Amino acid sequence: ASLSQIRNFSIIAHIDHGKSTLADRLIQQTGGLTAREMSEQVLDNMDIEKERGITIKSQTVRLDYTASDGKVYVLNLMDTPGHVDFAYEVSRSLAACEGALLVVDAAQGVEAQTLANVYQSIEHDHIIVPVINKVDLPAAEPERVKAQIEDVIGISTDDAVMTSAKTGLGIGDVLEAIVKFIPPPKGDFDAPLKAMLVDSWYDPYLGVVILVRVIDGKLVKGQEIMMMAAGTKHLVDRVGVFRPKIEVIDALGPGEIGFITAQIKEVAQTNVGDTITDAKKPTAHALPGFKEVQPVVFCGLFPVDAAEFEKLRDSLGRLRLNDASFSFETESSAALGFGFRCGFLGLLHLEIIQERLTREYDLDLITTAPSVVYKMLLRDGREIELHNPSDMPDPSTIELIEEPWIEATIFTPDEYLGSILKLCQDRRGIQKNLTYVGGRAQITYELPLNEVVFDFYDRLKSISRGYASFDYHQIGHREGDLVKMSIMVNAEPVDALSMIVHRGAAEARGRHMCERMKDLIPRHLFKIPIQAAIGGKVIARETIAAMRKDVTAKCYGGDISRKKKLLDKQKEGKKRMRQYGSVDIPQEAFIAALRMG
Ligand code: GTP
């Protein structure tokens, strides 16, 4: 395609504002199969196709659109994930485009994730076309939302398009606006190949599939390419595009987005942001590239059934084939046995992986409390990073501890403002900004990430009945008065329950943990103290009273079958117990205690 007839754009939106529905409409109107139709079709036809994951993972759709000027344009729509954990994925998709559609729900207005994504888009010098969606809703207030976009984001809404992705209203206007306002890509057909590696994923049939944006030159089958940062060479064996169905084509030229395969076996061999060039005629300058993503939240994953350890290892390995952004290494715990210490981009990422392990791999897992990465300067001058609270060195050897901080943006209806401010204060937040925009407050807070991984998001949602939206980015490490708190059952520390907390919050957190464990651990024949301690100092304590000798006593003798049932149940329970010192702690106690952090 000639450069002047290519448009590369992404859609940015807050969750639920209608991004997928709009994308489906654009595909439908230009003649492709929509994602929904595809998945239905796929379901009808064969499961293999679906398992290939191409449609799910395919981030780009190429549309042919005949505009009102009579010319046929190639529109490349790049998908961007909406959640904060995947901000880096958003960034690399945006880097491959010249513009973006900013979809805002006409009834909801601007939300936190709208803002975060729009700023990234502006950083990439995008032309942004506002799309006010859901104008069919009775509660829609398009004019108010337009004013809000101008106020909050500071972009003009003169060319904003009004749509209802649901009824199909305004979809033609969106297509025209893309052609009219989003600039065509620049590039040189005759220069040596220079392409950006936007994404890659593993496909069981094709091997590793690489999504590319060509800047200069062209990519063809049979070409020997070089990944400039990795320094590796590969032979291109397939060049294609998604419509959204896979279509193999001869070549990709400047400004185009598509995929290649090159007999690569593992996603880990491809670096997102790397520059792909011609091995024989390389480009002189590589692209600036992306910073490598580092996991920021760690937790332990342990199989409930110790025999499933190898299966867990295998499953983690498979998931990693498609997601090089999470890490895992073996970990052993006295309480939980053998498992893995895993690193994630954020809490949602953690949940997704955990969910997939449970659902797709049928594993029964225990997850320890999520922890952030602490940096420590030791008295002997060494600097270490801590991924696991159990590895905390003796406090007397530590000079200082630093913890990661974030800057959070929260949007909320006025009435919840007070409780949200309190929540942020309670979590050691520092207020940076507070403004009102049309009945909603926009709050900016600096917060320790440690306080956010601990149920912050859930609290925020429940305080605001789901109306507040939240987004954050990291702003570096800062020194903090942090201590390791251990939980001791019958005077023995339970490693899986130890956590790093701010000294000021330790007592409350410790008391909470003790109360919880008290409810979760069944009575024994003896009294069991449960204590929270920092170093040797006990800061909270609960006691589980000793139990009456005969469990079946409450059956009043008569009913034999009931008595037997009770004993069977006890036996069953026994299997799932972990012996701790002389105390049996049921697996469920750990799970429940760890669930809430
Ligand atoms: P995520 O995929 O979760 O990020 O959401 P999304 O932004 O892609 O939103 P999606 O397209 O899934 O739409 C969210 C909900 O809004 C769905 O129930 C849609 O049917 C509905 N919806 C989308 N567009 C419109 C619209 O124009 N009018 C109305 N009334 N509902 C819409």
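Out of the total accessible area of region 224-337 (probe 1.4 Å, heavy atoms of protein only), what percent is carbon and sulfur?
Working: 2570 of 5280 Å².
It is 49 percent, rounded to a whole number.
Once the mean 1/r over all distinct Cα pairs of region 336-461 is inverted, what Kirkwood radius in angstroms do you read off?
Working: mean 1/r = 0.0580 Å⁻¹.
Hydrodynamic radius (Kirkwood, Cα pairs) of region 336-461 is 17.2 Å.
Rounded to the nearest whole Å², what accessible area per residue is found for region 110-239 with the 1.4 Å probe?
Per-residue accessible area for region 110-239 comes out at 42 Å².
Computed over the Cα atoms of region 301-357, what is the convex hull's projected area averaged over all directions, in nm²?
3.7
Which far-off residues, 5 or more places away or on another chain, put their amide H under 5 Å from the one on Phe338, with H placed in the peptide plane?
Ser333
Just to verify a number: FRET efficiency for Ala139 and Asp364, C-beta to C-beta distance, R0 = 35 Å, to 0.05?
FRET efficiency, Ala139 to Asp364: 0.20.
On the principal axes of its Cα set, how long, how wide and how thick is region 169-295? Give whole Å, largest value first.
In descending order, the Cα extents are 47, 36, 34 Å.
Can you tell me the accessible area per residue over region 397-545, all protein chains present, probe 1.4 angstrom, in square angstrom?
44
Considering the alpha-carbon set of region 150-211 alone, what are its Rg and its Dmax in angstrom?
18.8, 49
To the nearest 10 square angstrom, how much accessible area does Glu355 have with a 1.4 angstrom probe?
Approximately 90 Å² for this residue.
Computed over the Cα atoms of region 497-538, what is the convex hull's projected area averaged over all directions, in nm²?
3.3
Using 0.36 nm per residue of separation minus the Cα-Cα distance, give me the extension gain between Ser332 and Asp69 in nm, one decimal.
That pair, Ser332 and Asp69, stretches by 88.1 nm at full extension.
Please list, short to long, the whole-number percent of alpha-carbon pairs of region 409-504 in consecutive 5 angstrom bins beginning at zero.
Histogramming region 409-504 at 5 Å steps yields 3, 11, 21, 20, 14, 11, 8, 5, 3, 1, 0, 0 percent.
Treating only the Cα positions of region 246-381 as identical point scatterers, give the base-10 log of I(q)/I(0) from the Debye formula at each q in 0.14, 0.16, 0.18 Å⁻¹.
Taking Cα atoms of region 246-381 as identical point scatterers yields -0.81, -0.93, -1.05.
Accessible area per residue of region 258-316 at 1.4 Å probe, in Å²?
Averaged over the residues of region 258-316, the accessible area is 49 Å².
The values are calculated or read from the model by the stated rules, or taken from the named source; none is laboratory data. Computed from a predicted model, the values in this text were never measured in an experiment. Note that each Cβ is placed from the backbone with ideal geometry, even for glycine, and that neighbours are counted across all protein chains shown. Side chains included, ligands, DNA and RNA excluded: accessible areas come from the protein's heavy atoms. Shrake-Rupley method; radii C 1.70, N 1.55, O 1.52, S 1.80 Å.
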